[in-house]
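Trainee: The structure's right below; bear with me while I get my questions together.
The values are calculated or read from the model by the stated rules, or taken from the named source; none is laboratory data. Nothing here was measured: the structure is a model prediction, and the numbers come from that model. Ideal geometry is used to build each Cβ from the backbone, glycine not excepted, and the neighbour counts take in all protein chains shown. Calculation scope for accessible area: heavy atoms of the full protein, side chains included, ligands and nucleic acids excluded. Shrake-Rupley method; radii C 1.70, N 1.55, O 1.52, S 1.80 Å.
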Amino acid sequence: MAEPLLQVEGLVKAYGAVRACDGVALQIAAGQIHAVIGPNGAGKTTLIGVIAGELPAEAGIIRLAGRAITRSPVQARAKQGLARTYQITSVLPRFSALDNVVLAALAQQRHAFGFWRPLRREAALAERAAAALARVGLEAERDRPAATLAHGQQRQLEIAMALVAEPKLLLLDEPTAGMGPEDSARIVALLKALKGGLAILLVEHDMDAVFALADRITVMVNGRPIASGPPAAIRADAEVRRAYLGEDAA
Amino acid sequence: MLLLIEQVLNGLQLGVTLFLLAAGLTLVLGIMNLVNLAHGSLYMVGAFICASVAGATGSFLLGLVVALPATALVGMAVELVVLRRLYARDHLDQVLATFGLILFFNELVRILWGPRALFLDGPSWLSGTVEILPGIPYPAFRLAIIVLGLAVALFLAWLTTRTRLGMLIRAGASNREMVSALGVDVRWLYTLVFGIGAMLAALAGVMAGPIYAVEVGMGESILILTFVVIVIGGIGSIRGAFVGSLLVGVVDTLGRAFLPGLLKLFLMPATADGVGASLASMAIYILMAAVLIWRPRGLFPAHA
Amino acid sequence: MRDLWPLALVLLAALALPFVVAGMDLAYVVGIATRIMIYALAGISLNLILGYGGMVSFGHAAFFGTGAYVVGILSTHATYGEPLTTWPFEVGGTEQALIAWPLAMLAAGLLALVIGALSLRTAGLYFIMITLAFAQMIFFFFVSLQAYGGEDGLSLFARSQAGPLDLGDDRQFYYLVLALLALVLFLKSRLIEARFGRVLQGIRDNERRMRALGYPTYRYKLVAFVISGALAGLAGALIANQTEFVSPAFLDWPRSGDFIVIVVLGGMGRLYGPLAGAALFLLLEEVLAAWTEHWMIILGPILVLLVLYARGGVWDLIAGRLSRRKAGADG
């Protein structure tokens, strides 16, 4: 196997006495969708936070494309090809949908210390942003302030903001959370279309979505990975069924 | 040596005065997440009430006994009328509104008591000196402030860690719903905390009255020192407020007393006096900057 | 271009002002108008970080006052022919605006760099208290400067010299301030729409998101803080010229409060907001002060009411009234 795109080893993150991540190991190959599932409080969101750099790891190593990023700040990791969405959608509410994506595209440039030329006249950025909006199916909403978009649309916008940066790895924290079946299906279809182009770490509760999308699945319970493998193996794993899936898939 | 001990004691006395203010303010900041610039106004109001009662009756103690509950009432009234509406607002709104309150209180005091400073004499039985070590006399009143301040610190430590009220206060800081579920009206809890903070501020004002002047604007200069204390100690932490207060009090006092002299060892006397005075007045802010570099959330961050 | 209309109108009115009023009132009116513009400039500088950057700085008077002191100190040395320093080489004072004013901006900007670098390590409540505390430190620094008047401040012998202009003439000084104000407004209108300004507003709205997108937000905030400080320094240089007097009162904490009031009164994050805010605030002060010496007892509650009931500034208040009226007419 070639060198994995993301390599996580022995990751520990504790809140006081509670170890939210307790020796997590994980490998994601380029172009793969890797799902992390587990009951509430298993440490999945914490894991995303630690990989993204918003939460400092107490121990362990994170490598992105072979380079250790364990100590890099959030913004440095973003520039190295990490993009993320949040469990509770996080966009710039007062900016238009297009401007949200333009700012995401601009972040990939060496710097944004321009003091004279209006940003909205930077055609190259606007084109890239419009293309990303089109990719997620939001081209009709480009001029609406993000705050006025429906919940599902904001989620799509967040994904567009991630895609425009052409990341190597996309971290998705429950992309279908709080959505109706229709919106959910749209997101799943969108992610399916992305498959192969970039690697995705997907935290998700919707098992249908997980088994429809994932190339590999890791099951976390109490901060520890208890099983990891292709979807079929996970479905068959007795321990997983007992610990988690039993309640859901029975 | 003699001078050093005396100055350290002066520093402690300033420190505990600051603590009385910082304790109430840090609770309000930490629990209600409210910037209250008008906290210094309560300090001023307390001092003025005490000074006028003491002036009329000749009894400092009577002034103290009237000033504390009166200021607590003023504080609670302010909480009910204005501040309560600001808890859910952003910090900028709080800054603006409480800035407005400062202007109001300063002017009100100027109208009621006139523009000139009042004099407040400490109780006569504390007017002498006490020999703290053989051959080292120290003003009894200042010593009393230190003792009283330490007693209040112990009382607050007991209140917040050992009593039901303290438990509620600490719980209210992290979880409003939980406290509500206990059948306690959080709004009244907040008003009560505010009243306690106001009373402590008044106590500080009364204690400071005989030492510094009782005048309009006295609240703001000490309020800013209190902010320095809280930044150093960490928002919401009584322990941080205590350590920060004593640090600021001692550093400020010793800096003013000894920096010019110290600099004379290296510089021309005239230059040393000038530079020394500048450095001394900036010492605590430099201390704050150092703490910031080392620990941006203060020495005892309440929510680590 | 639509955005430039209000500017053009205000500019026209301002250009005409010294000709409309005459006689005794001239000095008074032009004096107040100049002061309004200078405070507007300070407000514009604060609006950059407060309105567009979301940084509640309660220490802006420090930069304003530092700018004023730089002009005052340079001018004093020039008047008495005493060098500022003789080591490592002799540096004299100056009354030249072209030297003194940029130096005022430089000094205020450097101070903002130091204060900003420290304060921006924190946010929220800490940031407010720390900026206030550092400003007070600078206040005490100037109070302790006995060589430059200490608490009493120092009087300038004359206003700065600016080529062919005679700044001692109130009307010429007025026009220079107006020109500077227009220039700053124009530059700022570019800045807030350019990359830097848009990123700054993004940070204001959602800093966590901006960081996750890859922006080193600290750096952007610090640059905004420094620009803002330097601009406040320019306003300070102008106020020193107008009053021909500099004192620590220019950097005392209530002044920082005034600047915040000016920004909020005019509506935060609006290009012309501080202009409206400064005009309203200073005129209100003028009117109230003419009415009673205890005018602050009225101003204080006005601020409280403003916060409680008119959060978007007078601008929104007027706009809200208008749109309601329009809605009423339509329905």
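Trainee: Rounded, prolate or oblate: which one fits region C:18-102, using the alpha carbon gyration tensor with axes a ≥ b ≥ c (rounded when a/c is under 1.5, else prolate when a/b beats b/c, else oblate)?
Mentor: Oblate.
Trainee: How high is the relative contact order of chain A, in percent, with contacts defined as C-alpha pairs under 8 Å that are six or more residues apart?
Mentor: 28 percent
Trainee: Still on this structure: Report, to one decimal in Å, the Kirkwood hydrodynamic radius for chain A based on all distinct Cα pairs.
Mentor: Across chain A, the inverse of the average 1/r is 18.7 Å.
Trainee: Also: Taking every eigenvalue of the Cα gyration tensor of the protein assembly as shown, multiplying by 5 and rooting it, what semi-axes result, largest first, whole Å?
Mentor: Ellipsoid half-lengths, sorted descending, are 50, 38, 27 Å.
Trainee: Would you mind checking the tilt of helix B:39-57 against the longest principal axis of the Cα atoms of chain B, expressed as 0 to 90 degrees and rounded to 10?
Mentor: 70 degrees
Trainee: Can I ask one more? Considering only protein heavy atoms and a probe of 1.4 Å, how much of the accessible area of chain A is carbon and sulfur, as a whole percent?
Mentor: Carbon-and-sulfur percentage of accessible area, whole number: 52.
Trainee: Using Cα-Cα distances under 8 Å and only pairs 6 or more residues apart, what relative contact order does region C:4-254 have, in percent?
Mentor: Across region C:4-254, relative contact order equals 39 percent.
Trainee: Right, something else. Highest GNM mean-square fluctuation, chain B, Cα pairs closer than 10 Å: which of B:Gly149, B:Gly261, B:Gly195?
Mentor: B:Gly261
Trainee: Turning to a different aspect of this structure: Over the residues of region A:1-125, compute the C-alpha Rg and express it relative to 2.2 N^0.38 Å.
Mentor: Taking the Cα Rg and dividing by 2.2 N^0.38 Å, one obtains 1.25.
Trainee: At 1.4 Å probe size, with the rest of the protein present, what percent of the exposed accessible area of region C:133-250 is carbon and sulfur atoms?
Mentor: For region C:133-250, the apolar C and S fraction of the accessible surface comes to 58 percent.
Trainee: Work out how much length B:Leu148 to B:Ala181 would gain on full extension: take 0.36 nm times their residue separation and subtract the Cα-Cα distance, in nm to one decimal.
Mentor: 8.2 nm
Trainee: Ignoring everything except DSSP H segments at least 4 long, calculate the 222 nm mean residue ellipticity for chain C; use -39,500 (n - 2.57) per segment, divide by total residues, nearest 500.
Mentor: Taken over chain C, the calculation gives -25000 deg cm²/dmol.
Trainee: Continuing with the same structure: How many square angstrom of accessible surface are buried between B and C, both sides summed, with a 1.4 Å probe and rounding to 100?
Mentor: Rounded to the nearest hundred, the buried surface is 4100 Å².
Trainee: Also, I was wondering about something else. Quick one: in region B:107-197, what % of C-alpha pairs are over 14 Å apart?
Mentor: The proportion of pairs with Cα distances above 14 Å equals 77 percent.
Trainee: Still on this structure, I have one more. Tell me, Kirkwood radius of region A:92-165 from alpha-carbon pair distances, in Å?
Mentor: 12.1 Å
Trainee: Enter the Cα centre distance for the pair region B:261-304 and region B:21-56, rounded to the nearest angstrom.
Mentor: Using only Cα atoms, the two centres lie 27 Å from each other.
Trainee: Express the Stokes-Einstein translational diffusion coefficient of region C:69-226 in µm² s⁻¹, to the nearest whole number, given a Kirkwood radius over alpha-carbon pairs, 37 °C and a viscosity of 0.692 mPa s.
Mentor: D, rounded to a whole number, is 176 µm²/s.
Trainee: Right, here's the next one. Any idea how far apart B:Tyr87 and C:Val20 come out in nm if each label point goes 7 Å out from Cα toward Cβ?
Mentor: The answer from the label model is 4.9 nm.
Trainee: Also, quick follow-up: Helix B:218-233 against the longest principal axis of chain B: what's the angle in degrees, Cα atoms only, rounded to the nearest 10?
Mentor: 80 degrees
Trainee: Hey, what's region B:11-216 come to in accessible area per residue, 1.4 Å probe, Å²?
Mentor: Normalised by residue count, the accessible surface of region B:11-216 is 40 Å².
Trainee: Also, quick follow-up: When Lys and Arg each count +1 and Asp and Glu each count -1, what net charge do the other residues less than 13 Å away from C:Gly81, Cβ to Cβ, add up to?
Mentor: That works out to -3.
Trainee: Once amide H atoms are built 1.01 Å from N in the peptide plane, which residues 5 or more positions from A:Ala227, or in another chain, come under 5 Å H to H?
Mentor: A:Val219
Trainee: While we're on this one: Once Rh is set to the Kirkwood radius over Cα pairs, what Stokes-Einstein translational diffusion coefficient, in µm²/s, holds for region B:11-216 at a temperature of 10 °C and a viscosity of 1.306 mPa s?
Mentor: 89 µm²/s
Trainee: What are the ³J(HN,Hα) couplings of region B:204-209, residue after residue, when phi is run through the Karplus curve with 6.51, -1.76, 1.60 and θ = phi - 60°? Round to Hz, x for glycine and proline.
Mentor: Karplus values, whole Hz, x for Gly and Pro: 4, x, 5, 5, 6, x.
Trainee: Can you list the DSSP H helices in chain C whose Cα atoms extend at least 30 Å along the helix axis and whose mean Kyte-Doolittle hydropathy is -0.5 or higher?
Mentor: In chain C, the long hydrophobic H runs are C:24-50, C:60-80, C:97-119, C:170-193, C:217-243.
Trainee: For a quick check: with amide H placed at 1.01 Å from N, whose amide H comes under 5 Å from A:Gly38's, ignoring anything fewer than 5 positions away on the same chain?
Mentor: A:Met220
Trainee: Now a separate question. In the structure shown, do any of A:Lys79/A:Lys195; A:Lys44/A:Lys192; C:Lys188/C:Lys221 have a Cα-Cα gap over 18 Å, and if so which?
Mentor: A:Lys79/A:Lys195; A:Lys44/A:Lys192
Trainee: Also: Would you mind pulling out the separation of the Cα centroids of region C:164-188 and region A:1-38, in Å?
Mentor: Cα centres, region C:164-188 to region A:1-38: 62 Å.
Trainee: Let me ask something else. Helix B:164-174 against the longest principal axis of chain B: what's the angle in degrees, Cα atoms only, rounded to the nearest 10?
Mentor: Roughly 80 degrees, rounded to the nearest 10.
Trainee: Specify the residue with the greatest mean-square fluctuation among C:Ala230, C:Ala100, C:Ala123, computed from a Gaussian network of chain C linking alpha-carbon atoms under 10 Å apart.
Mentor: Among C:Ala230, C:Ala100, C:Ala123, the largest mean-square fluctuation in the Gaussian network model of chain C belongs to C:Ala123.
Trainee: What is the pair-distance distribution P(r) of region A:122-216, computed from all Cα-Cα distances in 10 Å bins starting at 0, with each bin given as a whole percent?
Mentor: Going from the shortest bin to the longest, the percentages are 15, 50, 30, 5, 0.
Trainee: Another one. Mean shadow of chain C, computed from the convex hull of its alpha carbons, in nm²?
Mentor: The orientation-averaged projected area of the Cα hull of chain C comes to 20.6 nm².
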